[in-house]
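Structure first, commentary second.
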Amino acid sequence: MSVFNSSRLQGKTVLITGASAGIGAATAVLFAKAGSNVILAARRVEQLQKIEQECVAAHKAAGVQAGGRFASVQLDVADKAQVNSLFDRVPADLKAVDVLVNNAGFVLGVERVGEIADADYEAMFQVNVFGLIAVTQLLIKDFKARNTGHIINLGSIAGREPYAGGGIYCATKHAVRSFTGTLLRELVNTGIRVTEIQPGMVETEFSVVRFRGDKSAADKVYEGIQPLVAEDIAEEIVWAASRPPHVNVAELFVLPVHQASATINYRGGNVPHSRL
């Protein structure tokens, strides 16, 4: 037994939503390194193609003979027509998906209830909840027919604990947690695995979007603390996917060492961040 045996991922096909940046992009590259095939789906096609090239390079550098097939597909998960036609745009040899990573999601604003724009809360629910459900429903029948597959949903600490200024985002992630729990129970008589990854503070462009492009405001969120980075969560996703078929990591809650909850953290100074 190895510490992290990724051989089970070789030749598997992985579909990742929101793969153009952040956690989704890092996850795509790591699956490529493990010898998987990857369908990268997101709205920003030009950025997707850059990540696809990173996947090609990572696969080549790993020297793995299996896998190595990649495809970039434009997908707005909030657009039901795009979701329903997704596999019309996927190469034939990648249509049998083994792992679905529902990563697409975002948060917009820190307004409190009564101040939240209709367009903002509608958009967050469309992507974070309805989009995730739509993509899952697209694949679930095939998973059931083959009695195999793995659904990995990106939740959040916000799905465990609400906080002021995050009413809508917290509500969407609580919905993701509940939906994931329902899947786990409904699929218990199948070979399909269901996982929810729940990160705490992760520094990506996610926070810049929250503050509507104000990077200085986003940077203040992480002042005095060493947050997680996209690659940290990518490792957890790929690790969960690489477990033996009879092992299901149902829930994985991941925090920086100086964070204890959504609102409790220690900002006494950064901890050196090293990767083994």
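Since every read-out is calculated from the coordinates, none of them should be taken as a lab result. Computed from a prediction, not measured in an experiment: that's the story for all the values here. All Cβ positions, even for glycine, are placed from backbone atoms using ideal geometry, and neighbour counts span all protein chains on display.
For the reader, a short list of remarks on this structure follows.
- Lone unmet requirement of (1) more than 27 Å from Leu48 (Cβ to Cβ); (2) of a type in the set (Phe, Trp, Tyr); (3) not in a loop (DSSP other than H, G, I, E, B) for Tyr163: (3)
- For Ala218: the one exception among (1) farther than 30 Å from Arg185 by Cα; (2) buried (at least 18 other Cβ atoms within 10 Å of the Cβ); (3) hydrophobic (A, V, I, L, M, F, W, C); (4) touching a residue at least 40 places away in the same chain (Cβ under 8 Å): (4)
- Residues (under 30 Å from Lys141 (Cα atoms) and either of a type in the set (Lys, Arg) or part of a helix (DSSP H, G or I) (or both)) located in region 181-223: Gly181, Thr182, Leu183, Leu184, Arg185, Glu186, Arg193
- Of the residues making up region 227-246, none is out of contact with any Lys or Arg (no Cβ under 8 Å at 6 or more places or on another chain), assigned to a helix (DSSP H, G or I) and more than 30 Å from Ile140 (Cβ to Cβ).
- Residue in region 81-89 that is of a type in the set (A, V, I, L, M) and part of a loop (DSSP other than H, G, I, E, B) present: no
- Subset of region 1-38 (residues that are β-branched (Val, Ile, Thr), surrounded by fewer than 24 Cβ atoms within 10 Å (Cβ to Cβ) and closer than 17 Å to Pro91 by Cα): Thr13
- Among residues that are surrounded by fewer than 16 Cβ atoms within 10 Å (Cβ to Cβ) and out of contact with any helix residue (DSSP H, G or I) (no Cβ under 8 Å at 6 or more places or on another chain), Gln53 is included.
- Region 106-122 residues that are farther than 20 Å from Leu154 by Cα, paired with ones that are loosely packed, with under 11 Cβ neighbours inside 10 Å (beta carbon under 7 Å, 6 or more apart): none
- Checking Val97, Val73, Val83 one by one, the residue that is buried (at least 18 other Cβ atoms within 10 Å of the Cβ) and either in contact (Cβ under 8 Å) with a residue 60 or more places away in the chain or among the aromatic types (Phe, Trp, Tyr) (or both) is Val97 and no other.
- Any hit, region 190-212, residues being under 24 Å from Ala19 (Cα atoms) and surrounded by fewer than 14 Cβ atoms within 10 Å (Cβ to Cβ): yes
- Check on Val229, within 29 Å of Gly35 (Cβ to Cβ) and surrounded by fewer than 18 Cβ atoms within 10 Å (Cβ to Cβ): yes
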